[in-house]
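The values are calculated or read from the model by the stated rules, or taken from the named source; none is laboratory data. Everything quoted here is computed from the prediction, not taken from an experiment. Cβ: placed from backbone, ideal geometry, glycine included. Neighbour counts: every protein chain shown. Note: accessible area is taken over every heavy atom of the protein model, side chains too, but ligands, DNA and RNA are not part of it. Shrake-Rupley method; radii C 1.70, N 1.55, O 1.52, S 1.80 Å.
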Amino acid sequence: MAQGNFSRVTEFILLGLTDTRQLQVLFFTLFLLAYAMVLLGNLLIIVTVRTDPKLSSPMYFLLCNLSFIDICCTSITAPRMLVDLLSQRKAIVFEGCIAQLFFLHFAGSSEMFLLTVMAYDRYTAICKPLHYTAIMSRWACWVLVSSCWAGGFLHSIIQTLLTIQLPFCGPNMIDNYFCDVPPVIRLACTDIYVTEWLMASNSGLISLGCFLVLVTSYMLILGTIRGRLTEGHWKALSTCASHVMVVTLFFVPCIFTYLRPFSAFSFDKYVCVIYTIFSPVMNPLIYTMRNNEVKESMQRL
């Protein structure tokens, strides 16, 4: 444990959402229900898309991948949070904390890129329908999804390397229910001014950039179909509306969290609940309740 002139932190203590026992039981019940909905809802979407030949378009291929990423994102934080809500001591070893940080950013940034690709898919289908099949071929879809995962890995490895090179030798209390970059690097025993701006530029600009691309694509879609709304266009608008709901719920908290110096606010950990728990819960609800094809396929299944 001793290294040089200081003792390196070997574990962190997660303070969680609250230390009130009654609230812990309430949160455990709510989050257990939410996690079950994430697993069941997204697994149902994956099975439905994979088993129904009618759902073979690129949109459903991308939706299937989104459901898989949602399961991964929530499973990185939710099980640990549920256990800690019923535990007296909420400790996580240093290596486990770094691993959680890595996989959370890996899956989270991959989801950002995938949502951007889904917006591009809707833009191509509505604004360039004659070229849609050629542009969004099966090969192109695989390349785009693989690029999302590769981009997520590159982003996450940068965040992780910037974190592990910091010295942790004193405080080990993380005011959150999982290990994330902002609360972890604030515990470093050194000046983190340059590091936090590098990390904010990385995570924050990715969040903001993807969000602006998404907003631009939806504006182009609205401009294309304005004044000539057929039944097919109304269906496309309905699909885009569901995308906007998901995008807003996911991106706005991420931009707030990462696109600023990592100064602490007391409500930061409650903002994190939105994009780690509630956004994955909303995805299967939005994509099934607003999509007749998926609902009919589920009924047949």
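Could you work out how far helix 21-51 tilts from the main Cα principal axis of the chain, as a 0 to 90 degree angle to the nearest 10?
40
Grab the other residues whose beta carbon is less than 11 angstrom from that of F28, score K and R as +1, D and E as -1, and report the net.
Local charge sum for F28: 0.
I'd like the Karplus ³J(HN,Hα) series for segment 272-282: coefficients 6.51, -1.76, 1.60, θ = phi - 60°, whole numbers in Hz, and an x wherever there's a Gly or Pro.
So the J values, rounded to whole Hz, are 4, 4, 4, 8, 9, 10, 6, 4, x, 5, 6.
Tell me the angle of helix 193-225 to the major Cα principal axis of the chain, expressed in degrees between 0 and 90 and rounded to the nearest ten.
Approximately 10 degrees, to the nearest ten.
For the chain, report the accessible area per residue in Å² (1.4 Å probe, heavy atoms, rounded to an integer).
That works out to 47 Å² for each residue.
For helix 138-164, what angle does its Cα long axis make with the longest principal axis of the chain, in degrees from 0 to 90 and rounded to 10?
10
Given a 1.4 angstrom probe, I'd like the percentage of the accessible area of segment 11-300 that is carbon and sulfur, rounded to a whole number.
The nonpolar share, carbon plus sulfur, comes to 71 percent.
Running Debye on segment 1-159 with equal point scatterers at the Cα sites and no solvent, what base-10 log of I(q)/I(0) appears at q = 0.19 Å⁻¹?
Those come out to -1.19, one per q.
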